[in-house]
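Working notes for the structure below.
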Amino acid sequence: KSAKCGACGPGYASPLHAMKGKYCPREKILYLPCIYRNTGIEKPDYLATVDVDPMSPHYCQVIHRLPMPNLKDELHHSGWNACSSCFGDATKKRNYLILPSLISSRIYVVDVGTDLRAPRIHKIVEPVELFWKGNVANPHTSHCLGSGEIVISCLGDPSGNGKGSFILLDGETFEVKGNWEKGEKIPSLGYDFWYQPRHNVLMSTEWGTPKVLAGGFNPADLEKGHYGRHINVWDWNSHNCIQSIDLGKNSVPLEIRFLHDPAASEGFVGCALSGAVHRFYKTEKGDWAAEKVIEVPSKKVKGWFLPDMPGLITDILISLDDRFLYFSNWLHGDIRQYDITNTRKPKLVGQVFLGGSITKDGHVTVVEDQELQCQPEPFVIKGKKVQGGPQMLQLSLDGKRLYVTTSLYSGWDKQFYPDLIKEGSVMLQINVDTEKGGLKVNTNFLVDFGKEPDGPVLAHEIRYPGGDCTSDIWM
C-alpha cells in the first residue's frame, strides 16, 4: 500500500521516503505489456501481471493476462493517472495505468485499483481522438501532472511524419483535452520527456520519423534526417519550446531522466546510436546545456550489417537517492552501473553481460574492441539461452534489485534479433551492491515469455503498482 499519512495522496513525500521509509514495501507484482505485433502470431497484445514475491508459490509466474481488444497495437510504455506529483492531494489515487499504443495510436486506460492482481480495461481512447483533437499520433511516454491531468508525448502526426507534440488527458474522465504545447515552435521529432516544475522546465527527446522506423532501421535514413539529435527545452508555465540542445549528428537521444531530488537542476540522457550519456544542466545564465560524460565505444565487427556496432543505449535510470545511474547496451549485451556522486564524472562500478549480438557462439566476429579482451559467453539461465539483449530496466525502490527485459520494439527485434521473435523475451533480476556498486544476476529468477499460452511474446516496460524510479516525479 502507498503511504497513508492523514491527508496525503498517492506515492511518497520524497524520493528518500520512497527508498528508505517504513512505507517502502518490497515489490510483489509487476505489470508488463506483452507484444505480438511482428511475431507472426495473430493475437492481441496484453498486459501481464507477474508475481515477483519470493515467498509466493507463483514466484516468477505470469498470474494474469489482460488482452487488448485489437490486433497490432504495439503496447510499449505505460504511466499512471496519479503519482508522487499528487502526494499532497488526498482526493487522488494511483488506480489507473495509462497504456499508449505506439503503432495503432490507441490509449488504453487500465483499472488496477479494483483488483491489483487482475487489471481490467476501464476506457479506450481511440486514435481518431488524438488525430482530431491534437493532430498527433504514435503516443509514447505518459506522465501524470500535479494538477491531476495526464500528458503524453507523441512521435508524429496522423500521416506518420515526425512531430514532437504532446496530448493532454483529463485525469478523471480520460477525455482528450487537446495539445499540451502552445506557441509556433514544435520540434520535428518526439520521444520521451521529464518535467521539473521548480526549474520551470520540461525536457523532451527525439527518436525518429514514425513511418520510417515502423518497418525497421535503415542506415540511409540517418542521412535523410529521419533520426533525432536534440533535447528540446520547454517553458513549464507557458508550454512553449524555448531551446534545443544539439547532442550531435546521429546521436538519437532516447530516455531522459532528471535527478529525483526536485531541487536538482540536472539530469542525464542516453543516446542510442552515439553510445553516449550526456549530462544536461542549468547554466548560470538560466538556460540549459549538455556535456558528454560517458561514451561506449563502437566495436569493429564482421558478419553484421554494418562494420561498426554501437552499444545502442536504449534505457537509462537513476536510483532514488541519485547515487547510481544504470543503462542497457542492447546490441553489445551489457548493463552498466555508474556511481554519479560526482555527476560530471560518472564512475563505472558494475557491469553484467546478458546476451547481445557479440556472444562467442553467434555470427558476429569482433575484430577490434576498445573495452573487452574477448567476446562474451552466451548467457544461459535455468537451461535457457537468452535471446536479444538487455533493454528495459526497472529498479526496486530500495535500489537493491534491478529488473530487465530483452525486447526493444517488435520491428527492430525482428531485424536485429530474429531468434528473439521465435523464442520470446525474458525478464531477469540483477542483484545490486548499493554500498560499493556491483551487479550480479539472480540465477533463481527467470520469467520466460517464450512459454506463454498463445506462443512466444515480447515483454517490454516494467511497472510496480506503487510507483517506481521512472514513473514518479516529485514537485
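Restricting the search to the range 434-475, which residues are closer than 18 Å to LEU16 by Cα, of a type in the set (D, E, K, R) and modelled with pLDDT of 95 or more?
Matches in the range 434-475: GLU435 only.
Scan the range 71-81 for residues that are open to solvent by 40 Å² or more (accessible area, probe 1.4 Å) and either over 23 Å from CYS34 (Cβ atoms) or of a type in the set (A, V, I, L, M, F, W, C) (or both) and report the count. Even if it seems obvious, please write down each step before you answer.
Step one: filter the range 71-81 for residues open to solvent by 40 Å² or more (accessible area, probe 1.4 Å), giving 71-72.
With the extra rule that they be either over 23 Å from CYS34 (Cβ atoms) or of a type in the set (A, V, I, L, M, F, W, C) (or both), the set shrinks to 71.
Residues meeting the conditions: 1.
Six or more apart or on different chains, Cβ under 7 Å: which pairs go from a residue in the range 443-470 that's among the aromatic types (Phe, Trp, Tyr) to one that's part of a loop (DSSP other than H, G, I, E, B)? Could you list them?
Matching pairs, first to second residue: PHE445/CYS60; PHE449/GLY424; PHE449/SER425; PHE449/PRO456; PHE449/VAL457; TYR464/GLU27.
When you scan the range 389-475 for strands (runs of 3 or more DSSP E) that lie fully inside it, which ones turn up with 2 or more residues that are within 15 Å of the chain's Cα centre (by Cα) and among the hydroxyl-bearing types (Ser, Thr, Tyr)?
401-405
Please determine, by comparing only the residues of the range 287-309 that are over 19 Å from ASP339 (Cα atoms) and charged (D, E, K, R), which one is farthest from the chain's Cα centre (by Cα).
Applying the filter and picking the extreme gives LYS302.
May I ask you to list the residues in the range 26-70 that are open to solvent by 60 Å² or more (accessible area, probe 1.4 Å), of a type outside the set (Asp, Glu), touching a residue at least 24 places away in the same chain (Cβ under 8 Å) and part of a loop (DSSP other than H, G, I, E, B)?
Correct list: ARG26, LYS28, GLY40, LYS43, PRO69.
Out of all the residues in the range 410-440, which are farther than 30 Å from PHE305 by Cα and open to solvent by less than 30 Å² (accessible area, probe 1.4 Å)? Reasoning before the result, please.
Quick first cut of the range 410-440, residues farther than 30 Å from PHE305 by Cα only: 429-440.
Listed by number, the residues that qualify are GLN429, ILE430, VAL432, GLY437, GLY438, LEU439.
Write out, first by first residue and then by second, each pair whose Cβ atoms fall under 8 Å of each other, whose residues are 6+ apart or on separate chains, and whose first residue, in the range 414-432, is free of Cβ contacts under 8 Å to residues at least 60 places away in the same chain while the second is crowded, with 22+ Cβ neighbours inside 10 Å and among the hydroxyl-bearing types (Ser, Thr, Tyr).
Correct list of pairs: LEU420/THR406; LEU420/SER407; SER425/THR405; SER425/THR406; SER425/SER407; VAL426/THR405; VAL426/THR406.
Which of the residues that make up the range 176-197 are among the charged types (D, E, K, R) and open to solvent by 10 Å² or more (accessible area, probe 1.4 Å)?
Of the range 176-197, the ones among the charged types (D, E, K, R) are 177, 181-182, 184-185, 192.
Answer for the range 176-197, where residues must be among the charged types (D, E, K, R) and open to solvent by 10 Å² or more (accessible area, probe 1.4 Å): LYS177, GLU181, LYS182, GLU184, LYS185.
In the range 156-175, what count of residues is obtained for those that are open to solvent by less than 10 Å² (accessible area, probe 1.4 Å) and assigned to a strand (DSSP E or B)?
Adding up the residues that qualify gives 4.
Any residue at all in the range 146-155 that is touching an Asp or Glu at 6+ places or on another chain (Cβ under 7 Å), part of a strand (DSSP E or B) and small (Gly, Ala, Ser)?
yes
Give the residues of the range 283-299 that are basic (Lys, Arg) and outside any strand (DSSP E or B), sorted by residue number.
LYS285
Which condition from (1) more than 26 Å from PRO197 (Cβ to Cβ); (2) touching a helix residue (DSSP H, G or I) at 6+ places or on another chain (Cβ under 8 Å); (3) not β-branched (Val, Ile, Thr) is the one that LYS282 breaks?
Unmet for LYS282, out of (1) more than 26 Å from PRO197 (Cβ to Cβ); (2) touching a helix residue (DSSP H, G or I) at 6+ places or on another chain (Cβ under 8 Å); (3) not β-branched (Val, Ile, Thr): (1).
Take the residues in the range 444-475 that are touching a Cys at 6+ places or on another chain (Cβ under 6 Å), under 15 Å from PRO10 (Cα atoms) and of a type outside the set (Ser, Thr, Tyr), then tell me which one is surrounded by the most Cβ atoms within 10 Å (Cβ to Cβ).
Filtering the range 444-475 for residues that are touching a Cys at 6+ places or on another chain (Cβ under 6 Å), under 15 Å from PRO10 (Cα atoms) and of a type outside the set (Ser, Thr, Tyr), the one surrounded by the most Cβ atoms within 10 Å (Cβ to Cβ) comes out as ASP472.
For the range 244-260, check the following and say yes or no: at least one residue is more than 21 Å from LYS292 (Cα to Cα), open to solvent by less than 40 Å² (accessible area, probe 1.4 Å) and not in a strand (DSSP E or B).
Checked against the condition, which is being more than 21 Å from LYS292 (Cα to Cα), open to solvent by less than 40 Å² (accessible area, probe 1.4 Å) and not in a strand (DSSP E or B), the range 244-260 yields no hits at all.
Can you confirm whether LEU320 is surrounded by 24 or more Cβ atoms within 10 Å (Cβ to Cβ) and touching a residue at least 60 places away in the same chain (Cβ under 8 Å)?
Criteria met by LEU320.
Take the range 82-136 and flag every residue that is assigned to a loop (DSSP other than H, G, I, E, B), open to solvent by 10 Å² or more (accessible area, probe 1.4 Å), over 23 Å from THR209 (Cα atoms) and not charged (D, E, K, R).
PHE87, GLY88, ALA90, THR91, ASN95, GLY113, THR114, LEU116, ALA118
Can you list residue pairs whose Cβ atoms sit under 8 Å apart, with the first residue in the range 214-243 being in a helix (DSSP H, G or I) and the second being of a type in the set (Phe, Trp, Tyr) and surrounded by 19 or more Cβ atoms within 10 Å (Cβ to Cβ)? Count only pairs 6 or more apart in sequence or on different chains.
ASP221/TYR227
Please work out which residue is surrounded by the fewest Cβ atoms within 10 Å (Cβ to Cβ), limiting yourself to the range 326-377 and to residues that are of a type in the set (Gly, Ala, Ser) and either touching a His at 6+ places or on another chain (Cβ under 6 Å) or more than 18 Å from VAL441 (Cβ to Cβ) (or both).
Filtering first and then ranking leaves GLY362.
The values are calculated or read from the model by the stated rules, or taken from the named source; none is laboratory data. Fair warning: this is a prediction, and the values are worked out from it, not measured in the lab. No Cβ is skipped: glycine too gets one built from the backbone with ideal geometry, and neighbour counts run over all protein chains shown. Areas reflect the complete protein model, heavy atoms only, side chains present, ligands, DNA and RNA absent. Shrake-Rupley method; radii C 1.70, N 1.55, O 1.52, S 1.80 Å.
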